[in-house]
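The values are calculated or read from the model by the stated rules, or taken from the named source; none is laboratory data. This structure is a prediction, so every number in the text was calculated from the model and none was measured. Virtual Cβ from ideal backbone geometry, glycine too; neighbours counted across all protein chains shown.
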Amino acid sequence: MDNPGDRAKAGAHGTIGGILASALNMEDQISSGAYEDYLQRSNWPAQLDDEVFHEIRKRLTTLIEDTKRHRAIIEALVRDYGQSK
């Protein structure tokens, strides 16, 4: 899910804050895009076994929680290093 265009935009800013803002954007796209969409049963084939779906959902929930932790780490980096001094 690496988008070279996002990286180029961040580099164009020429700042740590710009690069970190791009990283935050990527975390948001991952969490709200792929993971959260697939928490909905309606986004899966009807013949998928309910037990399998619940296991998939459990693991996706873990990924969403990890993404929230990643976002918090990046926000701390922005706070500590992303502002011009």
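Considering segment 54-65 alone, what residues qualify as being surrounded by 13 or more Cβ atoms within 10 Å (Cβ to Cβ) and either among the acidic types (D, E) or under 15 Å from the mean Cα position of the chain (by Cα) (or both)? Full working, then the answer.
The initial filter retains those residues of segment 54-65 that are surrounded by 13 or more Cβ atoms within 10 Å (Cβ to Cβ), namely 56-57, 60-61, 63-64.
Listed by number, the residues that qualify are L60, T61, L63, I64.
Would you point out the residue of segment 38-53, among those that are out of contact with any Ser or Thr (no Cβ under 8 Å at 6 or more places or on another chain) and surrounded by 11 or more Cβ atoms within 10 Å (Cβ to Cβ), that is farthest from G17 (Cα to Cα)?
My answer is L48.
Any idea which of D2, D6 is of a type in the set (D, E), modelled with pLDDT under 75 and part of a helix (DSSP H, G or I)?
D6
When segment 9-37 is examined, which residues are found to be surrounded by 14 or more Cβ atoms within 10 Å (Cβ to Cβ), over 21 Å from E65 (Cα atoms), modelled with pLDDT under 75 and of a type outside the set (D, E, K, R)?
Selection gives A10 alone.
State all residues of segment 59-78 that are of a type in the set (V, I, T) and more than 23 Å from Q40 (Cβ to Cβ); if no residue qualifies, say none. It would help to see each step written out before you state the result.
Pass one, segment 59-78, residues of a type in the set (V, I, T): 61-62, 64, 67, 73-74, 78.
Result: I73, I74, V78.
Just one of R71, R79 is over 15 Å from the mean Cα position of the chain (by Cα) and modelled with pLDDT of 85 or more; which is it?
R79
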